[in-house]
Amino acid sequence: MTGVNDFVVKFANVNGSGSASANSFFAKALFRMGLPVSPKNIFPSNIQGLPTWFEVRISEAGHLARREGVDIMVAMNPQTYAQDVEEVVSGGYLIYDSTREREFGRDDINVLGIPIARLCAFAFDDPRHRQLFKNIVYVGALAGLVGIEISVIEQIIFEQFKRKEHLNDANLKALHIGLDYSLEKFKCPLPLRVRQSDAATGKIMISGNDAAGLGCIYAGATVAAWYPITPSTSLAEAFERYLNKYRIDECGRKLGAVVQAEDELAAVGIAIGAGWNGARAFTATSGPGISLMSEFIGLAYFAEIPVVIFNVQRGGPSTGMPTRTQQSDIIACAYASHGDTRHVLLFPSDPKECFEMAAEAFDLAERLQTPVIVMSDLDIGMNTWVVDPLEWDDSRKHDRGKVLDAEALEALKEKWGRYKDSDGDGIPYRTIPGTHPEKGAYFTRGSSHTEYASYTEDGLVNAKNLARLLRKFKTAMSMVPRPTINQRDENSKLGIIYFGGTDHAVREGLDLLERDGYRLNALRLRAFPFSPDVAAFAAAHERVFVIEQNRDGQMRSLLITEAGIQAEKLIPVLNFDGMPLSGAFVAGCIQSTIETNEHVANALRLSVRAV
């Protein structure tokens, strides 16, 4: 087996053993050698004791989707040996702690035993250090085995522990124990190895939650209200970290508020209240939080108050799989709350778009005076990605929409109506409390109201208001990000519609399909409501595969209902096992469906990997 700058390494550990830092050192070192890497942290929803995995794909070609099959398995958890050994591809390598030697029952893989626990016992007196530094020992051994420049890892360790010199020295000691052992006992480097590259030159490594938190800072957000929930917690924490660093006045005061509420309902209520009062405010949550927030989301929709909600989606329903990824809140968010509601959704595909769409969400929320929900997911949000640098145009101005100031209120020749459609686009004019001593005040209500914000039970007046809200939603169609189209063959009658974190897997899948003679065009949705481009794309193709990570084909249903696309034209390709999508899965499902020519029914059966 040979593979230079193109293979997968997977670490099998026990949660709470301190392996996360060591595994991230490995991924960062490869990135600093100029290699695109795609780390995936697969962890349990408890604090300590259960199996956890960390998977790193190295791809000089820039493929960032998860790839199935493992070339090098670092098996540090005896409880999962059977599963871990099975994942290693034929000809691959299994590295394990041979302090206690074992047989693994496969003669088609290379087993490399390193007595890690024994090496640490000789080197360190503190029992806790012996446990923790086992992780650094295997990183050092890997450096020798795959050819990572040891100085790169040394620099990363120094940066991590520069204020704790004793830990810095101990980590370096453990690193060289592993390196020296691998160089002495094995032929290094292995056929699977890395070399310096410029494929990642100019790129950065960042998680989607970090990028979204920074995007909120650039968007001018000053209020964040949240309740802890995996996998969105780190988004609120990132915002607070950046707020404390970049939003401080000359007296050292923080120019913003971060409130940890008692529950998700209170969190969104605080954000809505701040939005009504003129602040740019948001909350971050996941599926269970959306369920709890629904009544307040309906209030913001009907009272027309801007607020941004980040939904970092996870496995459901109910508590579901809190530490696995899905795209299963599409319908819940599109129509959140009871009654007739439709909400603007944004679908970022990676951390760069998390940054960009975070900023855009606040402009849209204020222009449309409505909730805007950014639909990220665990894979995008909690994993680190290699992306182009985040960019901001310093000349960009925040778009606050139709806000009347005191001068505008004075100039009005007729009575101002808070919910009056003066321009025909469904969007009324609003005021911010305290703008004018006499004019512009109104009572915000969740009950039916007239154009002038007074209470009414007149059904015709209420129907007129609901029709205006629908008109406003159609206006949003021209404001939200348009889809991107990958036109590979203008004569192709087969297309793909996809969205969000499946982007890299679909693009790689398209390449695999083209290699086998199938050329498909693809459209990536970036927002709801759908632009006319979506229906036009579907009309131009006889069959369109809809790729999504949920059981029920929620986006497909939305396309049928909202874009008017014929159901028989849309073939679902579904994955809901909680793992990030792979290009091979996408290509395999589509190719099998094409070859069997049994369209929808067979596509559904073939595409569900989890069943």
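Inter-label distance, MET477 to ARG515: 4.0 nm, where each label sits 7 Å from its Cα along the C-beta direction. The separation of the stretch 296-323 from the stretch 459-500, counted between C-alpha centres, amounts to 20 Å. When both the stretch 517-590 and the stretch 30-52 are represented by their alpha-carbon centers, they are found 29 Å apart. Ranked by how many other Cβ atoms sit within 10 Å of their own Cβ, fewest first, the residues VAL223, VAL8 fall in the order VAL223, VAL8. Using DSSP, restrict attention to beta bridges with both residues in the stretch 3-193 and report what percent are antiparallel, rounded to the nearest 5. Expressed as a percentage, antiparallel bridges in the stretch 3-193 total about 50.
Pairs with C-alpha atoms separated by more than 29 Å, drawn from the list LYS40/LYS493; LYS397/LYS439; LYS40/LYS134; LYS187/LYS352; LYS40/LYS472, are LYS40/LYS493; LYS187/LYS352; LYS40/LYS472.
Label the stretch 402-480 by shape, choosing from rounded, prolate and oblate, from the square roots a ≥ b ≥ c of the eigenvalues of the Cα gyration tensor; if a/c is under 1.5 it is rounded, and otherwise prolate applies when a/b is larger than b/c, oblate when it is not. Before the final figure, lay out the partial values.
Working: a/c = 2.08, a/b = 1.27, b/c = 1.65.
Oblate.
In terms of its alpha-carbon gyration tensor, the stretch 3-193 comes out rounded; the largest-to-smallest axis ratio a/c stays below the 1.5 threshold. The aspartates and glutamates within cross-link reach of LYS173, meaning a Cα-to-Cα straight distance under 19 Å and a gap of 8 or more places when in the same chain, are ASP97, ASP125, ASP126, GLU149, GLU154, GLU159, GLU165, GLU184.
Charges on Cβ only, +1 for Lys and Arg, -1 for Asp and Glu, centred on the Cα centroid of the stretch 174-332; of PHE302, GLN313, MET205, which one is farthest towards the dipole's positive end? In the stretch 174-332, that residue is MET205.
To the nearest ten degrees, helix 287-303 and the longest principal axis of the Cα atoms of the chain are 20 degrees apart. Note on the stretch 456-568: Rg/Rh from C-alpha atoms, Kirkwood Rh, equals 1.10.
Legend: ranking of residues ARG471, ARG524 from fewest to most surrounding C-beta atoms inside 10 Å; resulting order ARG471, ARG524. The spread of Cα positions in the chain, taken along each principal axis and listed from longest to shortest, comes to 88, 67, 41 Å. Going from the residue with the fewest nearby Cβ atoms within 10 Å to the one with the most, ASP169, ASP377 rank ASP169, ASP377.
Between the Cα long axis of helix 165-185 and the first principal axis of the chain there is an angle of about 50°, rounded to the nearest 10.
Taking Cα centre as origin and charging only the Cβ of basic (Lys, Arg, +1) and acidic (Asp, Glu, -1) residues, the dipole magnitude of the chain rounds to 360 debye. Entry note: the stretch 168-231 has Rg to Rh equal to 1.23, where both radii use alpha-carbon atoms and Rh is the Kirkwood radius. If you take the square roots of the eigenvalues of the alpha-carbon gyration tensor of the stretch 227-349 and sort them as a ≥ b ≥ c, do you get rounded (a/c under 1.5), prolate (a/b over b/c) or oblate? Since a/c reaches 1.5 but b/c is at least a/b, the shape of the stretch 227-349 is classed as oblate.
Assign unit charges at the C-beta atoms only (+1 for Lys and Arg, -1 for Asp and Glu), then state the dipole size of the stretch 201-267 relative to its Cα centre in Debye, rounded to the nearest 20. Show your work: numbers first, answer last.
Numbers: 6 positive and 8 negative charges, 73 e Å.
Dipole of the stretch 201-267, to the nearest 20 debye: 340 debye.
Looking at the chain alone, DSSP beta bridges between its own residues are antiparallel in about 35 percent of cases. What whole-number distance in Å separates the alpha-carbon centres of the stretch 60-78 and the stretch 100-170? Cα centres, the stretch 60-78 to the stretch 100-170: 19 Å.
Values in this text are rule-based calculations from the coordinates and carry no lab data. Because the structure is a prediction, the values reported are computed rather than measured. Cβ atoms come from the backbone with ideal geometry, glycine included; neighbour counts cover every protein chain shown.
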